[in-house]
Structure formats: C-alpha cells, structure tokens
Amino acid sequence: MNSTLKRKAGIYALILQLVIATFPPTALAALVQTPDAMAAEERSASLQQFNEALAREDVQQQLLQLGIDPGAARQRIAALTDAEIARLQNHLDTLPAGAGVLEVIGVVFVVLLILELVGVTNIFSKF
Amino acid sequence: MRAMGVVMALVLGGCTGTGPVLSPHLPHGDRGTTVELRDTPFFAQTDYQCGPAALATLLQDTGSNVTPADLAPEVYLPARQGSLQLELIAATRRHGRLPYVIKPRLSALLEELRAGRPVLVLQNLGLRRLPAWHYAVAIGYLPDSDEIILRSGTTRRKLMAAARFLRTWENAEGWGLLVLRPGDLPSQVDPLAYIRAAADLESVGQTRAASQAYAATTVRWPDNATAWLGLGNTRYHLGELEYAEHSYRQALRADPGHLAAHNNLAMLLAERGCYPAALDTLDHALEISRPDDALRGTLLETRREILRDRSESDTSAGPDCTLVLPGIPGPAASD
C-alpha cells in the first residue's frame, strides 16, 4: 500500500470515527419513526449506487491501479451491514441532497470511501 | 478533504471555454429571457457575516421575520470568521423552513431561479489552496451579457460574469441551498432526498412543518408509502388522530407489506379501543414479515402491550370498530 493511500485511508478513518453510529432502537411498543422506516429504502438505494459505481469500467481501472481486486470489493459491498451502510449514509448526508453518489463526490472518492468502510487490507491484492 | 477537492475538480472542472456559459444550460426556447427576482430582500452584510445576511435574505423571502442579527448567534462562528453550511441548514430548520441542497449543476441553479426561487450559494472568491469563502444569494441571470445577478456583501445588485461565477461556485463544490416553505417542492427534486429533508424537520421537532412537507410529497408521489408514514406520524404527534389513521391506511394501500405502517396503525386502533382490529393488523404484519426483519421485535412488543391494555380496559362499551374512517378531506383526493 503506498503512503498516499495510507494517508487517505487514515483521513477517512478519522472522518468515519467522528460520525456517530446509531444502533437500531431496542424493541419498544412505540410508533416506528419515519427515519427508521426509511432505513431499508435508503439502504437499497445506497447499495444500488455502490454497485453501479463498481460496475463502471473507469472505477474498475482505478481499483486495479490501486491494487484492489474489483470482484472482492463487490463481494464486500454486498455484505455491508446496516450499521456500515448507516455510517456511510451519515457521511453522504453532509453532501448535497438529491445528487447521486457518483455525480457529487466522484468515482475515486467513492472507491476510497468504500475501501475505508470495508477494511482496506481485506481487498488489496498486493501490498 | 483534499481528495474531495481534487475529485470535485475532475467532476465539475473543465469550464475554461470562451463561449457563453449560461445559454447551453438554458432551455431551447428560452435562451434570451432574463430572470431577476427583484422582490428578494436585501441585507448588507456586516464584518464577515455574509452567512447570516444571506440566510436572512432567503428566510424573509419565504415570509419569515428573522433578521441577520437574529441569526448571527445561531450560525456565525467567530473563531472561523464565518458560517458553516451545516449551521445554515440547521438554522433554516429552526425557523420552520425546509432546507434543500440543489444538485451542484449550473442548470439546476438556473432552473430554480426561473421557478422564482433565490438560491443561497457558497463561493470561493480566493484560490483553491487559499480559499476565501463567501455566501451570496443568486437572484437572476442575464443571458445576453452572460452574467449572474447576486445579492452579495454590501451590494444589492451585483453582476458577475457567469464564467467567473461558475468558477467560484465550482471551487465551493457547487453548493447551493434552497430555503423552502414546507410544502413547496424544488423544480428538480429527488423524492427520497425531499422525504429525508422532511424527516429531518420532524426529528428536530418542527412537526407542523414536517407534516406539511410530507403532505406535499403524498400529492406528488401518492404511491410513496414512506411519505404517507411520515404524514401519519406527524399527524399523530399533532393530535390529529383520524387524519393519522387515514395516512397509515394510505401507506398500506401504497405498500401492503409496509411493516412500520402496520405497527403504527395497530397502535392507533388500540388507542381507539378497537383491540381485535389492532391485533389482526399486527398478526398480519408478523405473518408477512421475514424472520430477520428488523421490525419484528417492535411488532411483537406492540402486540404485547396491546394485549396488556385490552386486559386492563373496560370493554363493555366499545367504539364502532367496523367503521373504517370515512374519506377525510386531505391532500389526496382519492379514498
């Protein structure tokens, strides 16, 4: 792993640590609040965007250049837990609403952010 | 985030051509028409406080009475000598308006102006490496001279060459904010983003405003169950129980598998004293749910509590539970 990527990964790790993860509420007899009900919808919207990103040739090129196996990345994305998606969504919430992930923050940023989420060492094919 | 700045340049950059900037982003039949929202208020900024001045401009434009002096303690950070975008968004909500960040596209900005909505824009009037952040309000454009019209700083009517505006705006990641009366939708609107914005209003206690926002979404997207759920929840919290029940039923019409709507409808039915109907609703929801559904726990707990309430209640004189609430006048004409 080159030092630029290490530094970037470190920056993203810091950002994500600053984002407070919220856990699903313990079961209470109470109205299901709207944000919680939206979680599933937003999760599938996020997953769809991530998968579309990974399917792009330029993203795959970028991943290969960074020494990452795109297939392994896709598998790991598919296995993102709700908590991981929520953390990612929290971060994306600070970006302009209504803009697709790709439009706003660019292909490379998506790749790097996903790397941070999935644990960088898991999907590098070379060090 | 330096990386973000770099990729933003990649995504949005490349606007160094010498041709007109505005007209390619204007509709074909409309490329000569000027737009100027002359009635937009103006507050001259003091010191570094362009954030409060710009936000007060937009809030007053939507009928609020707030002034920059009111906003400064809310959004101005003396240590930073400026305001953060998130502070402006939070302040917008506190004043009962819905903040909506537009797509970072010139065409989106121009379209909102055409629709009569001024846009609070962040500009970097300095260099990428040495930024000079500035908030201004875009109120129009002049295609013939290729200029953007702004309320900016101490200038009521500032004309900026569109090429320069675009550069300064892109260097601020194309950040533009609409301040909307609840119930007003942007011209270019993503349903999930708008509903999320309504939910954010709801979660900071702006229940009436959130309710109006949800109501608008159910008119525009009547098959969106989440919008109906939000409408139901806000009406419930406002004490409008019949309206709330109607909304939950609409959510189930839009999505018969919506577990949260089942749960919340069951709770309302139980409050009315219609225990069998409440329990039927929950049982049906549990039946159609998957074993790993996150809401199963909530459904089961709601069921337990309803059984408890029933056993403690006087069931001798119950309400007429065969009555499905008649069509209540509301935003949706159907039902």
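Since every read-out is calculated from the coordinates, none of them should be taken as a lab result. All values derive from a computational prediction rather than experimental measurement. Counting neighbours? That spans all protein chains shown, and the Cβs are built from the backbone with ideal geometry, glycine included.
Per residue of peptide A:36-49, the mean number of Cβ atoms on other chains within 10 Å of the residue Cβ is 4. Helix B:85-94 and the longest principal axis of the C-alpha atoms of chain B enclose an angle of approximately 50°. Each helix, a run of at least 4 DSSP H residues, gives -39500 (n - 2.57); summed and divided by the residues of chain B, these come to -14500 deg cm²/dmol at 222 nm. Descending by average beta-carbon neighbour count within 10 Å, the peptides B:147-160, B:118-131 line up as B:147-160, B:118-131, the highest first. Under the convention that each Lys and Arg Cβ holds +1 and each Asp and Glu Cβ holds -1, the size of the dipole of chain B around its Cα centre is about 1440 debye. If you model region B:108-217 as an ellipsoid using its alpha carbon gyration tensor, with each semi-axis the square root of five times an eigenvalue, the axes come out at 29, 16, 12 Å, biggest first.
Taking every residue in B:163-174 and counting other chain Cβ atoms within 10 Å of its Cβ, the average works out to 1.
The B:SER187 and A:ALA72 beta-carbon pair, evaluated with R₀ = 45 Å, returns a calculated FRET efficiency of approximately 0.60.
For B:VAL35, the residues whose amide H sits under 5 Å from its own are B:TYR141, ignoring neighbours fewer than 5 places away on the same chain, with H placed 1.01 Å from N. Peptide B:100-106 is shielded by partner chain Cβ atoms: per residue, an average of 4 of them sit within 10 Å of its Cβ. Evaluated with a Cβ-only charge set (Lys, Arg +1; Asp, Glu -1), region B:62-199 carries a dipole of roughly 180 debye about its Cα centre, given to the nearest 20.
Taking amide H as placed 1.01 Å from N in the peptide plane, B:ALA172 has its amide H under 5 Å from the amide H of B:ASN124, each at least 5 places away in sequence or on another chain.
Gyration tensor analysis over the Cα atoms of chain B returns equivalent ellipsoid semi-axes of 47, 20, 19 Å (largest first, whole Å).
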